[in-house]
Every structure is written in C-alpha cells, then in structure tokens.
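Since the structure comes first, as structure tokens, the remarks are kept for the end.
The values are calculated or read from the model by the stated rules, or taken from the named source; none is laboratory data. Predicted model, so just to flag it, every value in this text is computed and none were measured. Counting neighbours? That spans all protein chains shown, and the Cβs are built from the backbone with ideal geometry, glycine included. Areas reflect the complete protein model, heavy atoms only, side chains present, ligands, DNA and RNA absent. Shrake-Rupley method; radii C 1.70, N 1.55, O 1.52, S 1.80 Å.
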Amino acid sequence: MTFCDYREVFFMYQSEGTGRERKGEISQRRKQNEIIIITILAVIMTAVMFANILENPKISDQSANEKEKMEKISNKTKTDGINNKKNKEKRMINKNDWMLVLVNGKHKIKENYDITVTPVGYTQAIDERCYDNLKNMINDCRNAGYNPVICSSYRSHEKQVLLFENKIKDFIGQGYTRKEAKKKAGTVVALPGTSEHEIGLAVDIVDVKYQLLEENQEKTETQKWLMKNCWKYGFILRYPKDKQEITGVIYEPWHYRFVGKENAKMIMKNNLCLEEYLE
Ligand SMILES: [Zn+2]
C-alpha cells in the first residue's frame, strides 16, 4: 500500500465521523474509539511518511549501484571492442608485405630479393616506393626550421661487405686478432646480408650541425623533430634505446626504417619495435 492510499482512507473516515456528530447520535465511548483510531491512523501515516523518506536514499543507492554495474558492463564492452580491434589490426598485418620485410641478425635478406632504387640527391638512393614519403618528411622537417642531412641510405651488398671489412681492419689495427676484430665489427656494422640498408628501406639522418653517429644525436633539434614525427610519413626509429635486447642492435637515434604509415602509427603508438610488431 502506498502513502496516497492511507491518506485517502483517513479523509473518508474523518468525513463520516463529522456527519454523525452533527446528528448527536454518537456515544462518548464511540468518540473515544474514534480518537484512538484516528491517533493510530495518524501514527501509521507518519510512519509511512518516514518510511518513504528513508526509502528514497535506498532507491537512490540501488540506482547508483545499477548505474555503476551498467557502466562496468559498458566499459567492459568498450575494452573488449578495443582488444578486438587491436587483435583484428594485428591479424591484418601481412608479414609478406614488402614494407614489413624483417632483416636482422637472425633474418638474412633472401637471395632473390628484388629492389628498384631511386636517387635521393646526388649521393643517396632509396627504394622507389618510399621516395615520396622520405621527400615529404625531409621537406617538412626543413620547413619546421631544422636541418636534416641524409648521411646513409641504400647500400649494395658489395658496399656492405666493404664497410664490414674496413671495420675489421680498424679493430685489427687496434691490436685485436682477426677473430676478435670480426666479432667486434659485428656489434657496430651489420653483417653483410643482415642490414636494412641493403633493401633500400632505411636511411640514416643527422643534424647538419652534429653529424656524429652516437647517442648524443638524440639531443639535436632535428632528431627530436624526426623522432616525434617520422611515423606520420611511414618511418619508425628502428633501434630504440629500450629495445636493444630484442633488436640485437645498439640504440641508433638516426636510423629510420620505412614500414608504411599504418604500421608506423601502430608501432609508435604501442611503443613496439619491428620484431615485437611482427611476432
Ligand atoms: Zn642505419
């Protein structure tokens, strides 16, 4: 029974009693009974009013709980959606895509790897399929007020062999045996057949005012801009500081690898290296 029903009964009884009083037909005892009943009704009504007041917060709490539950379900659905999307995106990665070719110490370049390079300036070259992206990145970096210089790009296998041999000679000159020198050379120059430069998808870019290939390169304004924006042009910083264990290559804040815009965005957004992205 609701509050309104009680009130209705009370008013009906009061109306009836008033009529009988006017006719003088009600005994004193009946009057007393009426007072008792009215008092009881008044108490019940008051109790119901209090019950309603107390009940409201409960309803409110219940609503809050239900709301919270609904939000949790809604959030879970959203999270599931994101996970599904992520999985879907991951499933959609085509490892055979030319722009995702994995080249590292464990993955040598295939013998029949085909490549068409296009010149970049007078001394550099890159896979023709990412030429426009590289050109736009360099131009935008310059327009932002910085001075990027490409110091290395496509290298033929023969050139990589020569670089590696020269590095071995350097270490032998420092007193190492040939075996030791070869091992040490492998830590700074990629073994021929395992360098991304041989597939024309990598460029080394430095600041015109600071052209040393060392960790301090990351402090130049050019490098800061490139690290922040490279993904917009489909490039990634290929050998990040915190991924050396996985890439097997030292931190190189100058080596950029083309992987395509969508892949670069995913890799950058999720703080991955190429090995992690493709696993
Ligand atoms: Zn490089």
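Here is how the numbers come out for the structure above:
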item: E198 within 15 Å of the ligand (Cβ to nearest atom) and assigned to a helix (DSSP H, G or I); result: yes
item: Of residues in the range 231-243 being of a type in the set (F, W, Y) and open to solvent by less than 40 Å² (accessible area, probe 1.4 Å), the one farthest from the ligand (Cβ to nearest atom); result: Y233
item: Considering residues of the range 215-225 that are assigned to a helix (DSSP H, G or I) and away from the ligand (no atom under 14 Å from the Cβ) only, the residue most open to solvent (accessible area, probe 1.4 Å); result: K219
item: Residue list for the range 253-263, filter: within 14 Å of the ligand (Cβ to nearest atom) and part of a loop (DSSP other than H, G, I, E, B); result: P253, W254
item: Among the residues listed as L191, L212, the single one being surrounded by fewer than 20 Cβ atoms within 10 Å (Cβ to Cβ), assigned to a loop (DSSP other than H, G, I, E, B) and out of contact with any helix residue (DSSP H, G or I) (no Cβ under 8 Å at 6 or more places or on another chain); result: L212
item: Options I250, I246, I205: the member that is open to solvent by less than 30 Å² (accessible area, probe 1.4 Å) and either within 15 Å of the ligand (Cβ to nearest atom) or among the β-branched types (V, I, T) (or both); result: I205
item: Flag for E214 being within 16 Å of S152 (Cβ to Cβ) and touching a Phe, Trp or Tyr at 6+ places or on another chain (Cβ under 6 Å); result: no
item: Verdict on K228 being loosely packed, with under 14 Cβ neighbours inside 10 Å, in contact (Cβ under 8 Å) with a residue 40 or more places away in the chain, more than 13 Å from the ligand (Cβ to nearest atom) and not acidic (D, E); result: no
item: Yes/no for K169 being more than 36 Å from the chain's Cα centre (by Cα), modelled with pLDDT under 95 and either closer than 25 Å to T247 by Cα or of a type outside the set (D, E) (or both); result: no
item: Of residues in the range 130-148 being of a type outside the set (S, T, N, Q), in contact (Cβ under 8 Å) with a residue 60 or more places away in the chain and touching a Ser or Thr at 6+ places or on another chain (Cβ under 8 Å), the one farthest from L201 (Cα to Cα); result: Y146
